[in-house]
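Okay, structure first, notes after.
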Amino acid sequence: MAAYPLAVFHFRVEWGGKNVGFSEVSGLTQEAQLIEYRDGSSNDFSTIKMPGLRKYNNITLKRGVIKGDNDFFTWLKTVSNLGTVERRDLTINLLNENHEPVMVWKAHNCWPVKVEGPGLKANGNEVAVESIEIAHEGVTLQND
């Protein structure tokens, strides 16, 4: 049987023990920062390159606006100047045709850094979409 790549449109997001419907997830990026070093007594006139700290991009989630659902703004209000915030773990599941998780990204200690309301247009006919940008302290990937 042939193996086909997975479609990007069938996914589920869980946060705070609850499933939340989103239309888009982006920013599942991580990298190892580069450290360049050269010892002053080295005979080579070039640097050596070593892996440095891991860096994780913020995750952006988008969904349609639903009347009375203010979860994004309520969560953003928990951020204070005293360094306290309500942190949540976020799980993003890419699902197969049987609705089973095939790839699972787990973002740890997430908190909101930005909430953006929909762009409004007098002549538009698309769904109103809001977005939330989330900072986190690392992503793990399970790919079975």
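The values are calculated or read from the model by the stated rules, or taken from the named source; none is laboratory data. Keep in mind that this is a model prediction, so the values were computed, not measured. Neighbour counts are summed over all protein chains in view; Cβ atoms, including those assigned to glycine, are modelled from backbone coordinates with ideal geometry.
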Requested in this report: Could you pull out the residue among Thr78, Thr60, Thr47 that is within 19 Å of Leu28 (Cα to Cα) and of a type outside the set (D, E, K, R)?
Outcome: Thr60
Report summary line: Per the filter on the range 1-19, residues modelled with pLDDT of 85 or more, exposed (fewer than 13 other Cβ atoms within 10 Å of the Cβ) and aromatic (Phe, Trp, Tyr) are Phe9
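Yes or no, residue by residue, for (1) over 23 Å from the mean Cα position of the chain (by Cα); (2) within 22 Å of Glu137 (Cα to Cα):
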residue: Val20; (1), (2): no, yes
residue: Ser26; (1), (2): no, yes
residue: Gly40; (1), (2): yes, no
residue: Thr60; (1), (2): no, yes
residue: Gly64; (1), (2): no, no
residue: Ser80; (1), (2): no, yes
**Report entry** Search result, residues across the range 1-37 that are farther than 30 Å from Val65 by Cβ, hydrophobic (A, V, I, L, M, F, W, C) and touching a strand residue (DSSP E or B) at 6+ places or on another chain (Cβ under 7 Å)
**Finding:** Ala32, Leu34, Ile35
Query raised in the report: Within the bounds of the range 123-134, is there any residue that is closer than 18 Å to Arg12 by Cβ, aliphatic (A, V, I, L, M), out of contact with any Leu (no Cβ under 7 Å at 6 or more places or on another chain) and part of a loop (DSSP other than H, G, I, E, B)?
Result: no
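Output the residue which, of all residues in the range 108-136 that are of a type in the set (S, T, N, Q) and either under 14 Å from the mean Cα position of the chain (by Cα) or more than 28 Å from Lys67 (Cα to Cα) (or both), is surrounded by the fewest Cβ atoms within 10 Å (Cβ to Cβ).
Quick first cut of the range 108-136, residues of a type in the set (S, T, N, Q) only: 109, 123, 125, 131.
Keeping just the survivors that are either under 14 Å from the mean Cα position of the chain (by Cα) or more than 28 Å from Lys67 (Cα to Cα) (or both) gives 109, 131.
Values: Asn109: 13, Ser131: 18.
Filtering the range 108-136 for residues that are of a type in the set (S, T, N, Q) and either under 14 Å from the mean Cα position of the chain (by Cα) or more than 28 Å from Lys67 (Cα to Cα) (or both), the one surrounded by the fewest Cβ atoms within 10 Å (Cβ to Cβ) comes out as Asn109.
Quick one: which strands (runs of 3 or more DSSP E) lie wholly within the range 20-107 and hold at least 1 residues that are exposed (fewer than 13 other Cβ atoms within 10 Å of the Cβ) and hydroxyl-bearing (Ser, Thr, Tyr)?
Values: elements: 24-26, 30-37, 48-56, 59-64, 88-95.
Per the criteria, 30-37.
Does any residue of the range 60-69 turn out to be in contact with a His (Cβ under 9 Å, 6 or more places away or on another chain), under 21 Å from Gly117 (Cβ atoms) and in contact (Cβ under 8 Å) with a residue 12 or more places away in the chain? First the steps, then the outcome.
Filtering the range 60-69 for residues in contact with a His (Cβ under 9 Å, 6 or more places away or on another chain) gives none.
Scanning the range 60-69, I find no residue that is in contact with a His (Cβ under 9 Å, 6 or more places away or on another chain), under 21 Å from Gly117 (Cβ atoms) and in contact (Cβ under 8 Å) with a residue 12 or more places away in the chain, so the answer is no.
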